[in-house]
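Here is the structure we will look at.
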Amino acid sequence: MIEIRHLSKTFGRKPAIDDVSFVAEDGRVTGFLGPNGAGKSTTMRTALALVRPDRGQALIDGENFARMRSPMTAVGSVLNPRSAHKSRSAYDHLCSLAQMNGIPESRVKEVMDITGIAQVAKKKAGTFSLGMSQRLSFAAALLGDPRNLILDEPVNGLDPEGVKWVREICRYYASQGRAVLLSSHLMSEVALTADDLVIIGKGKIMETTTVSHFIEEHSIDSIRVVTPQPDRLTAVVTTMAGASLQPDPRRTDLPEQARAFRITGIPLTTLADLLAREGVVMYEFRQEQVSLEDAYLALTHGEAEYRSRTPGEVPRPLASPGRGTPADGRTAIGRTAGNPMGGGR
Ligand SMILES: Nc1ncnc2c1ncn2[C@@H]1O[C@H](COP(=O)(O)OP(=O)(O)OP(=O)(O)O)[C@@H](O)[C@H]1O
């Protein structure tokens, strides 16, 4: 069990985490979800005594990591896929970790098989792709057959088979009664893997719940209707108690006179019958579910430290005629607006 109790840490003047508390229970995968810079890594690194907190404490099976006699059997961690010495082979890297921690060499072979890197055992870690490096990090984490796993964005750089494998490893360890704490900024990934959910934004815990409860709470059914008669549609829907209608901004190849709406609070069949009876013309009529990713983004909106913008949202500097400026005064977005994806730090 991993217990995070009232952890706070400020770097310089900036609080990275502020009074963070939650428990990753045995036998469950706990998804630790938050946008970039939310404080996930700081929390995990504090639990592993790599960051000293200003306040609070983190306990693994009731013990402080820094005071553990046999840390590798208590907790395995995947923090940085490129942590192995570049000029060492994967095998030598794992052997030296095993030796330092009193783990038999036979376990090195086992974890290489489990993580699928046995074939590249003699290759230098520096030549590994990001995905292979991530597998090597996992091999190191599993060496001590740990009772707990702390995994910081473990699917980064993995191919679909690797992503599925991480999911299976997490589920397998949880099924054995161990605690798995898994960070991600992708709700879709966490929803497929985790039982419990801790959502963090700007260093503060925003929600602790279970994945199934989050799905139940946030999966709202809506009906998308496209019609050339928006006034008639609005008039019909507003007569229905509990129904509400909003314009749907996703205008995918609509005829000019058509408008798209999202309608909630009314069963699909009731609405279909009503619109047919009233003779409202429809070009499109279908049920949609708000995706979990949308619900999560709505929850953490405003909590992201680094937000990307689409090229259209980035203000264009006024074009002054000169070298490289098209003759008609247009500016080239890619050149003038920087990286439209933003995001990194
Ligand atoms: N060693 C450090 N020195 C200064 N600031 C730091 C340090 N480590 C983290 N921070 C800052 O603390 C905040 C939280 O960062 P953290 O890495 O914990 O977030 P995160 O949720 O893991 O983000 P990401 O998903 O991008 O990895 C950020 O503002 C970050 O810049």
Which residues, counting only those in the range 4-22, are surrounded by fewer than 24 Cβ atoms within 10 Å (Cβ to Cβ), over 21 Å from the mean Cα position of the chain (by Cα) and not aromatic (Phe, Trp, Tyr)?
ARG5, HIS6, SER8, LYS9, THR10, GLY12, ARG13, LYS14, PRO15, ASP19
Here, strands (runs of 3 or more DSSP E) confined to the range 23-140 with at least 1 residues that are open to solvent by 40 Å² or more (accessible area, probe 1.4 Å) are 55-60, 75-78
Output for Cβ contacts, cut-off 6 Å, separation at least six or different chains, first residue in contact (Cβ under 8 Å) with a residue 40 or more places away in the chain in the range 201-220, second among the polar types (S, T, N, Q) and open to solvent by 70 Å² or more (accessible area, probe 1.4 Å), reads SER219/GLN289
Of the residues in the range 47-88 that are among the small types (Gly, Ala, Ser) and without any contact (Cβ under 8 Å) to a residue 60 or more places away in the chain, the one that is farthest from the ligand (Cβ to nearest atom) is SER87
Taking the conditions exactly as written (without any contact (Cβ under 8 Å) to a residue 60 or more places away in the chain, closer than 28 Å to ARG135 by Cβ and either in contact with a Leu (Cβ under 6 Å, 6 or more places away or on another chain) or not polar (S, T, N, Q) (or both)), does LEU192 satisfy them or not?
yes
Quick one: which residue in ASP54, ASP61, ASP92 is at pLDDT below 95 and among the acidic types (Asp, Glu)?
ASP92
On the basis of being part of a helix (DSSP H, G or I) and open to solvent by 30 Å² or more (accessible area, probe 1.4 Å), does LEU275 make the cut?
no
The listed residue being at pLDDT below 90 and not assigned by TED's automatic domain parsing to the domain that holds THR210, out of ALA295, ALA260:
ALA295
Residues that are out of contact with any helix residue (DSSP H, G or I) (no Cβ under 9 Å at 6 or more places or on another chain), open to solvent by 10 Å² or more (accessible area, probe 1.4 Å) and among the basic types (Lys, Arg): find the strands (runs of 3 or more DSSP E) completely inside the range 197-251 holding 2 or more of those.
none
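Quick grid of which residues meet (1) modelled with pLDDT under 90; (2) over 23 Å from the mean Cα position of the chain (by Cα):
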{"site": "LYS204", "(1), (2)": "no, no"}
{"site": "SER212", "(1), (2)": "yes, no"}
{"site": "GLU217", "(1), (2)": "yes, no"}
{"site": "VAL237", "(1), (2)": "no, yes"}
{"site": "GLY242", "(1), (2)": "yes, yes"}
If I go through the range 8-46 residue by residue, how many of them are of a type outside the set (Ser, Thr, Tyr) and within 9 Å of the ligand (Cβ to nearest atom)?
17
Take LEU182 and tell me if it is without any contact (Cβ under 8 Å) to a residue 60 or more places away in the chain, buried (at least 22 other Cβ atoms within 10 Å of the Cβ) and outside any loop (DSSP other than H, G, I, E, B).
no
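The values are calculated or read from the model by the stated rules, or taken from the named source; none is laboratory data. Nothing here was measured: the structure is a model prediction, and the numbers come from that model. Every residue, glycine as well, gets a Cβ built from its backbone with ideal geometry; the counts of neighbours run over all protein chains shown. Ligands, DNA and RNA are stripped out before the accessible areas are found, and what is left, the full protein with its side chains, is counted by its heavy atoms. Shrake-Rupley method; radii C 1.70, N 1.55, O 1.52, S 1.80 Å.
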